[in-house]
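The numbers here are math on the coordinates, done by the rules we state, and not lab data. Computed from a predicted model, the values in this text were never measured in an experiment. Positions of Cβ are backbone-derived with ideal geometry, glycine not excepted, and every protein chain shown enters the neighbour counts.
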Amino acid sequence: MRLSLSARDRRLFVESILAKKLGISLNSFVESAIDDLVNSLGTDIDPEAPETIETLIDACCVGETMFMRHAEHFSALKHWVSSRLSRPLSVWSAGCCTGEEAYSLAATLFPLSHDIEVLGTDVNLRFLRKARLARYTAWSLRSIDLTTCDYWLNTDQAGASVKRWLKKYVSFKRVNLLNVNEMTRYDAIFCRNVLMYFYPEVAQGVINSFAEHIKPGGVLFLGYYDPIPDENSLWRRVEYNNIVYYQLRERKKQSSRSPKTIELPKENRAPDKPVKRQPEQIKTSKSVSSQLSPKAVEESLPDPLKDEARLERYLADIYRYASSGKQEIALSIFEIAVDQFPFAAELYIIAALIFAELSQFSEAKVRARKACFLQPDSCYAQYVLGYCLAESGNVKQALNRFKQSQSYLEKIKAAEVVPLSQGLSISQLKRLLDDRLGDADESN
Ligand SMILES: C[S@@+](CC[C@H](N)C(=O)[O-])C[C@H]1O[C@@H](n2cnc3c(N)ncnc32)[C@H](O)[C@@H]1O
């Protein structure tokens, strides 16, 4: 479904997707580039459509590169390789863009060993297609002396192409640096001018993860403006001819992270269609015709009601995505929504349930506690906090919350739907609480 978002919401959406999918911070872009990025999506956005993410990845990736960019790094690599005894060499160009770096690495190493393997990876499919083509314009050649490259480059009026024999040593693959679990170990990693666009903490995470993909004593080259490894990290700073690179201090055990698929507990599964909330919570005017589209209805409302309708729409979208297994999108919309409605307890409740579904119980508890803080007498907020506590093993505290929830529930008169719950009936919640409290009685 396409969402018609305001310019501000679109920007928040872009910001959240770039952060989550790529680790890239919008702060690293100039305003005009951010505008271009937001505009690349058009005015209506379908957050669910894979092409939305692909469009953003394509639009945000900075494609600036050239052959032998910062040639001194290649000289330092050559020096390091020359000092080693073993000759099979594998190098990873991480964030290789259109391939110039990967081919430059192969051309640098070939005179030292013919047993070489260079892998270029990038998240941008368009760049990778170009890399595999290995056909370049003069712009890519601007920092090399062509007379010294004719053994690996065919030049012509339009530019140059990489010679077939060198291409054999280089391969390309799509890899997102936020998920490098599949990668093997390399003698050297070049990751230059990539992490400068990332959130600093994400960049450190990527640098740490490289330690898992480097052979003992292997080296890491970063760009001049990239974040450097933390002082207490596994990387030792090495200086050579005014160049700094990093060498792995010790071998780290490879972690075995496996993605989890977690079912939302049935009792909390969101309804397929969002159920209308209680009349006292959303005061939709009777004069607003139900023949109008939801958006037209929303626009015809006075401002405070417009806000409520917008919140309603966010909640419906979050529930829809969460209940169809797209938690990441649901959480992105939650972040956009909570920025505009920081006091809406129902947003925190749904976020708590999504985090609980993902077994991220500390995140879930934070959101559920926030909901209880904002709406202390909400039986549903108390129940959800109890649920998160119970699922994370805090049985005693959970019990208190369930009792609290039960006492608030008893006070509700003449409501069919539990307030803030997006469709749970009073009798359903009663049953859930009876089960929970009954279980506790039995175990005592
Ligand atoms: C400025 S280019 C750097 C190219 C080359 N390393 C150089 O220094 O010339 C940055 C590259 O990082 C890639 N990139 C950005 N975020 C990424 C991510 N999360 N995973 C993999 N590549 C990413 C972009 O697609 C782009 O090709």
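By counting other Cβ atoms within 10 Å of each Cβ, how are Trp235, Trp152, Trp139, Trp92 ranked from fewest to most? Write out the running numbers ahead of the final one.
Values: Trp235 23, Trp152 20, Trp139 10, Trp92 29.
Result, fewest neighbours first: Trp139, Trp152, Trp235, Trp92.
Can you list the residues, at least 5 places off or on another chain, whose amide H is less than 5 Å from the amide H of Ser425, using H built in the peptide plane?
The list, which skips near neighbours in sequence, is Val418.
Just for the Cα atoms in the chain, what are the lengths along the principal axes, largest first, rounded to whole Å?
On the principal axes, the chain reaches 86, 55, 32 Å in Cα extent.
Sorting Ser90, Ser427, Ser421, Ser143 on the 10 Å Cβ count, fewest up front, what's the list?
Ser427, Ser143, Ser90, Ser421
For the pair Arg135 and Gln157, how long in nm is the line joining their label points, each one 7 Å along Cα→Cβ?
1.6 nm
Starting from the Cα of Arg236, step 7 Å along the direction of its Cβ; do the same at Ala415; then give the gap between the two resulting points in nm.
Using points 7 Å along Cα→Cβ, the separation is 6.4 nm.
Which net charge results when you count Lys and Arg as +1 and Asp and Glu as -1 among the other residues whose beta-carbon is under 14 Å from that of Ala371?
Once all neighbours under 14 Å are counted, the net charge is +2.
Fewest to most neighbouring Cβ within 10 Å: what's the order for Glu328, Glu346, Glu101? Don't skip to the answer; put the middle values down first.
Details: Glu328 16, Glu346 26, Glu101 29.
Going from sparsest to densest Cβ surroundings: Glu328, Glu346, Glu101.
When N is the residue count of the stretch 71-248, what does its C-alpha Rg come to as a fraction of 2.2 N^0.38 Å? Each step should come with its number before you reach the end.
Values: Rg = 15.7 Å, N = 178, 2.2 N^0.38 = 15.8 Å.
Against the empirical 2.2 N^0.38 Å value, I get 1.00 for the stretch 71-248.
Could you give the length gained by full extension between Leu112 and Arg174, i.e. 0.36 nm per residue of separation minus their alpha carbon distance, to one decimal place?
That pair, Leu112 and Arg174, stretches by 19.5 nm at full extension.
Grab the alpha carbons of the stretch 132-218, take their convex hull, and tell me the volume per residue in Å³.
Spelled out: Cα convex hull of the stretch 132-218, divided by residues, is 143 Å³.
Summing +1 for each Lys or Arg and -1 for each Asp or Glu, what net charge is found among the other residues whose Cβ lies under 12 Å from the Cβ of Arg237?
On the way: positive: Arg236, Arg249; negative: Asp230, Glu231, Glu239.
So the environment of Arg237 carries a net charge of -1.
Considering only the other residues whose Cβ falls under 12 Å of the Cβ of Lys20, what net charge follows from Lys and Arg at +1 and Asp and Glu at -1?
Result for the neighbourhood of Lys20: -2.
Please list, in order along the stretch 213-220, the HN-Hα scalar couplings obtained from phi with the Karplus expression 6.51 cos²θ - 1.76 cosθ + 1.60 (θ = phi - 60°), rounded to whole Hz, x for Gly and Pro.
Rounded to whole hertz, the list is 10, 10, 6, x, x, x, 10, 10.
Starting from the Cα of Arg185, move 7 Å in the Cα-to-Cβ direction to define the label point; list residues of the stretch 206-246 whose amide nitrogen is under 12 Å from there.
Within reach of a label on Arg185, which here means backbone N under 12 Å from a point 7 Å along Cα→Cβ, the stretch 206-246 contributes 211-219.
How many percent of DSSP beta bridges within the chain run antiparallel, rounded to 5?
50 percent
Would you mind finding the longest exposed-site-free stretch of the chain, with exposed trypsin sites (Lys or Arg not before Pro) meaning DSSP loop and at most 14 other Cβ atoms within 10 Å?
287-412
Hey, which of these cross-link pairs are over 26 Å Cα-Cα: Lys168/Lys215; Lys21/Lys215; Lys20/Lys403; Lys21/Lys173?
The pairs that break the limit, which is 26 Å between Cα atoms, are Lys21/Lys215; Lys20/Lys403.
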